[in-house]
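For reference, the structure is listed below as structure tokens.
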Amino acid sequence: MEFHELISLRQSDRKYTDKPVKREMINRCIEAARMAPSASNSQPWTFIVIDDIEIKDRVANKTFGPLKSFNKFVPQAPVIIAIVQEKPKIVTELGGRIKNKEYPLMDIGIAAEHICLQAAEIGLGSCMLGWFDEKAVKEILKVPDNKNIPLLITLGYVPVDYKHRKKGRKSLDKILKYNSY
């Protein structure tokens with residue numbers, strides 16, 4: 001598959017079948033994330049794969065927004081991946097303070113997209129979630145209080161009749177500048 005075809009295929013999928021995802025496929029997605037670049041090669045992440053139905057359902061129920069319809073699809077996903085933010089290397093942490101940049105969050109975003117692109121390539125759907133009760137999810141997953149979970153990712157098979165959406169993006173002339181703003 002050509003790269004442009006892959007990025008066109010990848011979307012935030014909000015409907016899943018109940019077909020279990022083989023751990024080999026999950027591991028391929030995590031391996032793709034493991035290979036993601038990170039500032040000073042800090043690799044500031046730990047991935048918690050949640051495929052036990054009881055634990056997955058408990059986590060899924062902590063993703064609903066104040067209006068119950070928000071993230072209502074999450075319980076359908078057979079897998080949720082929690083990305084735990086780990087402490088970066090000292091040089092990355094110091095550089096981030098000096099430059100006022102959150103390098104670990106950028107790194108986690110790159111790793112998360114690697115998961116989603118790998119999932120799309122092997123026929124799985126995915127969706128990144130930033131809206132969830134982090135405190136409750138950390139408690140369920142036994143994540144230490146001093147760590148953060150910036151993202152959850154749902155993973156699974158999408159129904160055959162699930163519509164692939166046309167991507168609505170700004171035109172290139174609206175987002176591209178050369179040599180100055």
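A Förster distance of 22 Å, applied to the separation of the beta-carbon atoms of E2 and V160, puts the FRET efficiency at 0.40.
For the stretch 21-88, which GluC sites (Glu not before Pro) are both in a DSSP coil and crowded by at most 13 other Cβ atoms within 10 Å? Filter output for the stretch 21-88: empty list.
Put simply, the convex hull of the Cα atoms in the stretch 17-71 casts, on average, a shadow of 5.6 nm².
Under 5 Å between amide hydrogens, built in the peptide plane, is the criterion, and for G125 it picks out G156, Y157, V158 among residues at least 5 positions away or on other chains. In summary, the helical segments of the chain meeting the span-like criteria, namely a full DSSP H run, a Cα extent along the axis of 24 angstrom or more and a mean Kyte-Doolittle hydropathy of at least 0.0, are 103-121. The alpha carbon convex hull volume per residue for the chain rounds to 163 Å³. Heavy-atom accessible area with a 1.4 Å probe sorts H164, H4, largest first, into H4, H164. Using heavy atoms of the protein chains and a probe of 1.4 Å, the accessible area assigned to M1 is about 120 Å². Here the chain is treated with +1 on each Lys and Arg Cβ and -1 on each Asp and Glu Cβ, and its dipole about the Cα centre works out to around 600 debye. When Rg and Dmax are taken over the Cα atoms of the stretch 1-92, they come to 15.8, 44 Å. Which length gain, in nm to one decimal place, applies between K101 and I55 when the Cα-Cα distance is subtracted from 0.36 nm times their residue separation? In short, 13.2 nm is gained. Heavy-atom accessible area, probed at 1.4 angstrom with all protein chains present, ranks S42, S171 as S171, S42, highest first.
The simple spin-label model puts a point 7 Å past each Cα toward its Cβ; for N148 and I122 those points are separated by 2.9 nm. Just to be sure I understand the curve: with the Debye formula and one point per C-alpha of the stretch 122-181, what is log10 I(q)/I(0) at q = 0.26 Å⁻¹? The calculated log intensity ratios at q = 0.26 Å⁻¹ are -1.08.
When W131, W45 are compared by accessible area at a 1.4 angstrom probe, the order from most to least is W131, W45. Between A77, A60, A39, the residue with the greatest mean-square fluctuation in the GNM of the chain (Cα pairs under 10 Å linked by springs) is A39.
Shown here for the stretch 1-97: trypsin sites (Lys or Arg not before Pro) in loop regions (DSSP other than H, G, I, E, B) with at most 13 other Cβ atoms within 10 Å, namely K22, K68.
Quick check: from the Cα gyration tensor, does the stretch 76-181 come out rounded (a/c under 1.5), prolate or oblate?
oblate
Over the C-alpha trace of the stretch 42-136, radius of gyration and Dmax come out as 15.3, 44 angstrom.
The values are calculated or read from the model by the stated rules, or taken from the named source; none is laboratory data. Because the structure is a prediction, the values reported are computed rather than measured. Quick reminder, even Gly has a Cβ in these numbers, built from the backbone with ideal geometry, and neighbours come from all protein chains shown. What goes into the accessible areas is simple: the full protein's heavy atoms, side chains included, and nothing from ligands, DNA or RNA. Shrake-Rupley method; radii C 1.70, N 1.55, O 1.52, S 1.80 Å.
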